[in-house]
Every structure is written in C-alpha cells, then in structure tokens.
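Visitor: Attaching a single structure in structure tokens format; questions to follow.
The values are calculated or read from the model by the stated rules, or taken from the named source; none is laboratory data. Remember, it's a predicted structure, so these values are computed and weren't measured experimentally. Here Cβ is always computed from backbone atoms with ideal geometry, including for glycine, and neighbour counts include all displayed protein chains.
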C-alpha cells in the first residue's frame, strides 16, 4: 500500500485495516503539534468530509493508495475562526430581522425566525469557543465575545418566558448584535498570514 501524506510518500509499516491505524503514527507524534485529516482519498476516490470524524470506520480493504492532507489543530482553529467571522455578520442580520418581526406585535410570525437565529448564534458561539481553546492566550479577545453574550442570553430567555416581545427584540438588536459585530475584528488578527506562520 502507498501512503501519500501532505504530498509526500510516507513509509507504511505493518498491515492496517482502517485509516485510523494507518495514520496514527503521523497525527499524534509527541514532538509535534497534533494534526487532523482535512482531506482523504482512497485509490483516487474522495472520502466524504463527514466520514473524517471517525477514521476507524474508514476501511482500507483492497486499497492500494491512500492520499491524505492534514493540518495542525491550530491551522484548523484559525480557519474556523475566519469562517466564524463571516458567519457572525449573517447572524447579526438575522438578529435585526428577528427583532423587527418581534416588534410587529405578531410574535407567532417571528417565532420561527427567533428559533433559527438562536440556533445560528449557538453554533457561532460554540465555534468561537472551540477554536479559541486551541489557540491559547492569543485568543482571549475572541473568548470575550462569548462572555459578553452569555448574560444577555439568560436575560433573553427570561424575556421570552414572560412573553415580553419588545424586550426580546431590544436584547437582540441593542445588546447581542453589537457584541457579535465585534467578531470579525477580533478574529482577523488571529487569521492573518503572520498568525498562520
């Protein structure tokens, strides 16, 4: 079996039945930063990205060539932050739209938008927190976004439970949206070429 890792042929020792056992020596070397698989093909067939989460389930049965592209955990974290910066702008737009719908005095119409917006914001905040954990102290300014938003999410839940739709709208537009507006500026320095180098 041939293993092409990050464009270079790598030595294959032993017999491997799955991709995880094949790549384990290359991904978690104690002297180097941990790496993750970002692209994989077996005999020229691309493995779907969703299957990269559990490489032990990707069989090497009758496989002759494995091409794998890896990235350091920090590189992946920086890429996630760059995407989160762009995603934050879309979430902010959704917050404004939802706030406007809440103020129409027809909260039942705004409810679907509200649920989608809260889900999107949860994904954004999770991404920011997960990515920043891999970047250490340099990501403190990104973690502050989550810290600033969290109390407003609690207040938002209270206002929603009280069915105070104007207060819900105000929290979305005047408290949470401005904090999310800081996202792109805070992640940009972490995603620059200097940070990646």
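Matching residues to (1) surrounded by 13 or more Cβ atoms within 10 Å (Cβ to Cβ); (2) out of contact with any helix residue (DSSP H, G or I) (no Cβ under 8 Å at 6 or more places or on another chain):
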| site | (1), (2) |
| --- | --- |
| 60 | yes, no |
| 63 | yes, yes |
| 69 | yes, yes |
| 86 | no, no |
| 95 | yes, no |
| 102 | yes, no |
| 115 | no, yes |
| 121 | yes, no |
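Visitor: Before we move on, is residue 182 modelled with pLDDT of 90 or more and either surrounded by 15 or more Cβ atoms within 10 Å (Cβ to Cβ) or at positive phi (or both)?
Guide: Answer is yes for this residue.
Visitor: If you don't mind, there's one more thing I want to ask. In the range 36-85, how many are assigned to a strand (DSSP E or B) and farther than 19 Å from residue 129 by Cα?
Guide: 16
Visitor: Related question: On the basis of being in a helix (DSSP H, G or I) and touching a residue at least 60 places away in the same chain (Cβ under 8 Å), does residue 95 make the cut?
Guide: Spelling it out, residue 95 is indeed in a helix (DSSP H, G or I) and touching a residue at least 60 places away in the same chain (Cβ under 8 Å).
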